[in-house]
1. Failed condition for A:A230, given (1) in contact with a helix residue (DSSP H, G or I) (Cβ under 8 Å, 6 or more places away or on another chain); (2) in a helix (DSSP H, G or I); (3) at pLDDT 95 or above, with all others met?
2. Output the number of residues of region B:191-212 satisfying the condition of being of a type in the set (F, W, Y) and under 14 Å from the mean Cα position of the chain (by Cα).
3. If you check A:D319 against the conditions, is it in contact (Cβ under 8 Å) with a residue 60 or more places away in the chain, closer than 30 Å to A:F29 by Cβ and of a type in the set (D, E, K, R)?
4. Here's a check for you: in region A:253-262, which residue that is in contact with a strand residue (DSSP E or B) (Cβ under 9 Å, 6 or more places away or on another chain) and buried (at least 24 other Cβ atoms within 10 Å of the Cβ) is farthest from the other protein chains (Cβ to nearest Cβ)?
5. Answer with yes or no whether A:E79 is within 15 Å of the chain's Cα centre (by Cα) and acidic (D, E).
6. Could you list, in sequence order, the residues of region A:312-354 that are in a helix (DSSP H, G or I), more than 15 Å from A:W364 (Cα to Cα) and small (G, A, S)?
7. Restricting the search to region A:286-311, which residues are part of a helix (DSSP H, G or I) and either of a type in the set (V, I, T) or more than 14 Å from chain B (Cβ to nearest Cβ) (or both)?
8. Any idea how many residues of region A:240-275 are part of a loop (DSSP other than H, G, I, E, B) and either at negative phi or of a type in the set (V, I, T) (or both)?
Amino acid sequence: MPARVLNNPLKNPERPYLAIGLEGSANKFGAGVIKHLEDGSTSVLSNVRHTYITPPGEGFQPRDTALHHREWALKVINECLVKANISMHDVDCICFTEGPGMGAPLQSVALIARTLSLLFNKPLIGVNHCVGHIEMGREVTGAHNPVVLYVSGGNTQVIAYSRQCYRIFGETLDIAVGNCLDRFARVIDLSNDPAPGYNIEQEAKKGKRLLSLPYATKGMDVSFSGILTAIEAYTYDKRFRADGLPRNSEDQDIITPADLCFSLQETIYAMLVEITERAMAHIGSKEILIVGGVGCNERLQDMMRIMAEEREGKVFAMDESFCIDNGIMIAQAGLLSFRMGFETPLSKSSTTQRFRTDEVHVSWRA
Amino acid sequence: MASSSLKLISTATLISQGAEAKVYKANLTSDPSDPPVLLKHRFRKGYRHPTLDASLTRTRVSAEARALLKCLRAGVHVPGVRMVDVSEGVLAIEWIHGQSVRKLLPGGGEEEPEPEPGSVESLEEYGTPVDALMQLIGQEIAKMHLADVIHGDLTTSNMMLRHPSSFDPQRPTTELVLIDFGLSFHSSLVEDKAVDLYVLERAFSSTHPESEPLFASVLKAYEEAMGKDWTPIKRRLDDVRLRGRKRSMVG
């Protein structure tokens, strides 16, 4: 086997590069401008986002979400350009999310990107959403070669880089972890503002009682659908008190919504930490990077930190501005591939709901 | 006061830390002529809620011990069980003197830290040609599957060849031992057996390049040992291969 060449294929740019990224694969529309400088450093010029929030008990439908993105796109893009203090003429390329995601919202955003590309005569770059998360996480945290736990409303994967590809070591066999949380928030009528997962986290802090739930890890894979069914079943239990209060002073043996949130978080995050630990042991890595919307959950970050300490490893996590879907991560991943000479021709700029992380050729890494 | 299994661990030497357990070499008695044992300690995971952690550890330790016993009863070569302590998460099993198949096969030593020169044992030392080794693998897996035990993590790292010095020099023999039943379960389903084989096939192709003829001889020996049970498993294995493990990613 020939020795692996570890020279970085990405050379420092000869002039500063600017890219705008547009993201709208789920219920957030985001736009961001990133700048790559001659010394190889990166600066975020702006990062603007608007979230489509549905009433409690309701999820976001593709059609309404797409409508939201179309309504907000120009406002968000304008604000993003103003904050960055640049004009559309200054950018080198326009990056957009090619997939994976919900069809209608993806199409709306791609349409906006195409229009801008034709109006200003700028090249288009289609970006894989998951690779965007990973690249932004590496940039913000400075993690070198981490095991990546990508947890969001649509995806749950344990990923590690190997030979110009982000290989998926473990993933969910059915629904994503964020989907499980969002749907449970609907069951107990929690608000979707700012995010269902955030409200579950706050509610869980009041919970005391750990209820038994299925624990479904299979090697490095996980499954959440059975857990969702089991936790929903507790809301029909005769001990369940939707208001969280005992009926009288004798009513001691009760289950409150807070207990359910607590039990759900403890169980599913333990599963996620366990599969991450498995991947670390398998690969021999000491770094963990958590990306995706669920990644800003502090309980998950704490658990991961404890696990990392037990293995003498290190956790890299981010705050909500970079964890939750945003335009800047699309700009970052897009600009990296643009600098390697990649471009998406207009005729190939359609979107796809199915786009696996390991299908992307990561040309900018050794 | 610390329990006796924890005291035992404090006198043992740590060999490695896997994903969920620390592995030690220890002596159960003070008599140095007694053979050593391997201790697998599923230590307390600080990140897990104590109740959840205790129940998981309990189920996993006892499941592993049960699978080993079931295999032993069916005549599958696995390490013997020496001690089980479910509340502390400690399992003591027979110490196998030998080498993992991964390191004995060509290409298996890669991705490991640089081995010290001379420390790599070769198949010649074990007096077993590669083809005979593949046959042994097929036979052991067949015996295990006939007993309805599914290993769950069949790789070449989870198989060991006993060192020739473990046997009576008058009657030299070779013995392949299956180890690490941490992910094993009981099932009589054709599906689970086929998936077990598929996992091994993938492990072969990822760790040992150009291993197709190797795995083919494993399957051949497996087929002979399984007898009439082979046909449905073969059919399902073809299905599993087409299906792959990975689902198409939506959203």
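The values are calculated or read from the model by the stated rules, or taken from the named source; none is laboratory data. Keep in mind that this is a model prediction, so the values were computed, not measured. Using ideal geometry, Cβ is built from the backbone for each residue, glycine included, and neighbour counts are taken over all protein chains shown.
1. So A:A230 meets the others, but not (1).
2. Of the residues in that region, 0 qualify.
3. In short, no.
4. So, considering only residues that are in contact with a strand residue (DSSP E or B) (Cβ under 9 Å, 6 or more places away or on another chain) and buried (at least 24 other Cβ atoms within 10 Å of the Cβ), the one farthest from the other protein chains (Cβ to nearest Cβ) is A:P257.
5. Against the criterion (within 15 Å of the chain's Cα centre (by Cα) and acidic (D, E)), A:E79 does not qualify.
6. Residues satisfying the conditions are A:S321, A:G327, A:S347.
7. Correct list: A:V294, A:G295, A:C296, A:I306.
8. Counting residues in region A:240-275 that are part of a loop (DSSP other than H, G, I, E, B) and either at negative phi or of a type in the set (V, I, T) (or both) gives 14.
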